[in-house]
Amino acid sequence: MKILLVDNYDSFTYNMVGCLQRLGLTDIDIHRNDQLDFNTLCQYEAVLLSPGPSLPQESGQLLDLFQHLAPHQSVLGICLGHQALIQHCGGSLRHLATPRHGYQTRLTLVSSDSLFAGMEANPLVGLYHSWTADEGKWPDSLKLLARSLDGDIMAIRHNQRNWYGVQFHPESYMTPDGVQLFRNFLIPSLQRPKRFVYLRPASETKPYKCMQVRSTSGTR
């Protein structure tokens, strides 16, 4: 499996790499959010979006990335990456009255999802954020999966694509089941063998797209 890890200028990015390596996943390209080459995205089965110190609209090409992704590509956004997914889908953020920096809480799972398979019923997670999803403008394309004990949105999934966002930090020691969450997200992608090629659009201003190449021999 080939993975793109978008580094939003955050030291936790390399904690994420450590989690992936514990799963035996080492084919990882790390690119900062202002150094992305959208023309090469199709080579990746999964895209991980790291935490970061600012807001999505202040984070290089982060928001632009989503329109260049193909339907088969899985996405997991963490903290800032989670917030970027919400904004891309039409949602908004609100500033917390009390920032949650280095704070541990338990999740309340509100929808059953394989992302939390094999984890505690109310898993402990680590938080480090001062912005959160604003439910006053919630996109129809996103499904709510989990909340914090304070009621803030902690996990989401896109209704049509294998795109996830988590506000907490699975790469942190404060999230004991964090590696299991990465496993749950990535292993299904390994079990969906597909071959794709890029189709260059007639206009260079339009996003690149992928087309599946179907095997005629019964193997892929």
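Spot the failing condition for residue 109; the list is (1) of a type outside the set (Phe, Trp, Tyr); (2) crowded, with 16+ Cβ neighbours inside 10 Å; (3) in contact (Cβ under 8 Å) with a residue 60 or more places away in the chain, and only one is missed.
The number of the failed condition is (3).
Only residues that are more than 15 Å from the chain's Cα centre (by Cα) and not aliphatic (A, V, I, L, M): list them for the range 16-28, please.
18, 21, 22, 24, 26, 27
Does residue 154 satisfy the criteria of being part of a strand (DSSP E or B) and buried (at least 19 other Cβ atoms within 10 Å of the Cβ)?
So residue 154 passes the test.
Residue by residue through the range 90-106, note down the ones that are among the aliphatic types (A, V, I, L, M), surrounded by 13 or more Cβ atoms within 10 Å (Cβ to Cβ) and more than 18 Å from the chain's Cα centre (by Cα). Break it down into steps so the answer makes sense when it comes.
Pass one, the range 90-106, residues among the aliphatic types (A, V, I, L, M): 93, 96-97.
From what is left, the residues that are surrounded by 13 or more Cβ atoms within 10 Å (Cβ to Cβ) are 93, 96.
Scanning the range 90-106 gives a single hit, 96.
Okay, residues lined up against (1) among the aliphatic types (A, V, I, L, M); (2) out of contact with any Gly (no Cβ under 9 Å at 6 or more places or on another chain); (3) more than 17 Å from residue 144 (Cα to Cα); (4) at pLDDT 95 or above:
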site: 37; (1), (2), (3), (4): no, yes, yes, yes
site: 54; (1), (2), (3), (4): no, yes, yes, no
site: 59; (1), (2), (3), (4): no, no, yes, yes
site: 63; (1), (2), (3), (4): yes, yes, yes, yes
site: 97; (1), (2), (3), (4): yes, yes, yes, no
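Residues to consider are 87, 43; find the one that is surrounded by fewer than 21 Cβ atoms within 10 Å (Cβ to Cβ) and farther than 21 Å from residue 182 by Cα.
On the way: 43 fails: farther than 21 Å from residue 182 by Cα.
Every option except 87 fails the conditions.
Could you please let me know if residue 4 is part of a loop (DSSP other than H, G, I, E, B), crowded, with 19+ Cβ neighbours inside 10 Å and in contact (Cβ under 8 Å) with a residue 24 or more places away in the chain? If you could, list the steps in order and put the result at the bottom.
Values: part of a loop (DSSP other than H, G, I, E, B): no; crowded, with 19+ Cβ neighbours inside 10 Å: yes; in contact (Cβ under 8 Å) with a residue 24 or more places away in the chain: yes.
No; evaluated as a whole, the condition is false for this residue.
Out of all the residues in the range 84-131, which are among the charged types (D, E, K, R), touching a strand residue (DSSP E or B) at 6+ places or on another chain (Cβ under 7 Å) and under 21 Å from residue 187 (Cβ atoms)?
113 - this is the single residue of the range 84-131 that is among the charged types (D, E, K, R), touching a strand residue (DSSP E or B) at 6+ places or on another chain (Cβ under 7 Å) and under 21 Å from residue 187 (Cβ atoms).
Taking the criterion of being surrounded by 13 or more Cβ atoms within 10 Å (Cβ to Cβ), modelled with pLDDT under 95 and assigned to a helix (DSSP H, G or I), would at least one residue in the range 119-137 satisfy it?
Within the range 119-137, one or more residues are surrounded by 13 or more Cβ atoms within 10 Å (Cβ to Cβ), modelled with pLDDT under 95 and assigned to a helix (DSSP H, G or I).
The values are calculated or read from the model by the stated rules, or taken from the named source; none is laboratory data. Since the structure is predicted, the reported quantities are computational estimates derived from the model, not experimental observations. Methodologically, a virtual Cβ is constructed for each residue, glycine included, from the backbone with ideal geometry; neighbour enumeration extends over all protein chains shown.
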